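Below is one structure, written out as structure tokens; comments come after it.
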Amino acid sequence: MDLHDHGLASDLEMMRQQAFERRQVLRWLLAGAATLPLMSCGGGSDASGTAASGGVTGTSGGAGSVTIPTAGACTVIPEETGGPYPADGTNTNGGSIINVLNQSGVVRSDIRASFNGATGVAAGVPLTINLQLLNASGGCASLAGYAVYLWHCDRDGLYSLYSSGVTAQNYLRGVQETDSAGNLAFTTIFPGCYAGRMPHVHFEVYPSLVKAASAANRIKTSQFTFPMATLNEAYAASGYTASVRNLAQISYATDNVFADGTSLQMATVTGNATDGYVVTLTVAVNG
């Protein structure tokens with residue numbers, strides 16, 4: 001019987017069984033060594049980012065870096081609002097439905113420039129976003145062939161297609177497909193802080209790149225944020241003056257999304273405001 005021609009459902013079931021068998025072997029090996037902890041995903045503090053959002057081991061820090069998930073139990077990232085500026089076909093602006101998901105060129109890794117005829121480029125501190133998708137209902141296995149639609153505001157706190165002055169632009173929006181390890185990367189700019197919200201990035205998860213053409217197929221909508229030390233450093237850069245003022249008037253505790261905690265939505269950050277930042281987040285969903 002051919003074990004490699006039964007579709008996504010069969011593949012996920014095989015991954016779940018393999019993860020179970022690995023855990024059984026670990027239990028047998030550690031039966032006589034009660035002082036040794038059983039490795040698992042999940043847990044951690046807000047500051048660590050990696051452990052809190054899925055507990056992966058391996059290397060990270062560059063675009064497309066590969067991490068290796070440890071078999072165990074991952075906590076599903078919270079479901080959050082897509083906000084008023086998704087441009088995924090679920091709302092209107094000026095009486096017209098806005099949808100970039102079916103536009104030519106939306107599948108891209110570098111989202112700084114507008115596409116499909118628009119020519120604007122978003123300025124700001126360089127930022128690389130590395131995400132890894134894990135299957136929380138399948139032993140923390142990597143989710144290959146899934147897709148993420150990601151969007152955020154520019155350094156002035158404006159959303160392309162919606163905010164006055166940038167309605168003709170569609171920059172800082174894009175779709176990427178995960179590789180065999182569940183990883184994907186976006187090249188963008190550090191988002192600004194607008195009044196009333198902590199700085200954040202929106203994203204939607206889809207079971208495949210083909211299904212990412214319609215918001216009706218999304219299986220998760222969420223957001224992530226950045227450590228306060230990174231925000232303070234990034235906003236000292238040129239062009240972020242308004243963000244300094246707005247950030248002083250908000251906190252994680254008073255934010256309408258992150259007030260209930262940030263442990264699964266706090267990105268790990270390396271880099272600086274001069275050379276740019278690399279943020280990494282592990283995203284567990286029920287695949």
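A few notes on this one:
- Taking label positions 7 Å along the Cα-Cβ direction at both Asn286 and Ala195, the computed distance is 4.0 nm, reported to one decimal.
- Accessible area of Asp156 in the full protein assembly, 1.4 Å probe (Å², nearest 10): 100
- What the phi angles of the stretch 183-191 give under the Karplus curve with 6.51, -1.76 and 1.60, with θ = phi - 60°, is a coupling list of 9, 8, 9, 10, 9, 8, 10, 5, x Hz, glycine and proline written as x.
- Potential lengthening between Ala123 and Glu177 on full extension [0.36 nm per residue; Cα-Cα distance subtracted]: 16.9 nm
- Taking the C-alpha atoms of the stretch 138-218, convex hull volume expressed per residue in Å³: 124
- For Ile189, the residues whose amide H sits under 5 Å from its own are Leu127, ignoring neighbours fewer than 5 places away on the same chain, with H placed 1.01 Å from N.
- Positive contributions from Lys and Arg (+1) and negative ones from Asp and Glu (-1), summed over other residues with Cβ under 14 Å from the Cβ of Val244, come out at 0.
- The stretch 235-287 and the stretch 83-151 have Cα centres spaced 18 Å apart.
- Here the peptides 212-220, 199-207 are ranked by packing, the mean other Cβ count within 10 Å, and the order with the highest first is 199-207, 212-220.
The values are calculated or read from the model by the stated rules, or taken from the named source; none is laboratory data. Keep in mind the model is a prediction, meaning the values are calculated, not measured. Quick reminder, even Gly has a Cβ in these numbers, built from the backbone with ideal geometry, and neighbours come from all protein chains shown. Surface areas here come from the heavy atoms of the whole protein model, side chains and all, with no ligands, DNA or RNA. Shrake-Rupley method; radii C 1.70, N 1.55, O 1.52, S 1.80 Å.
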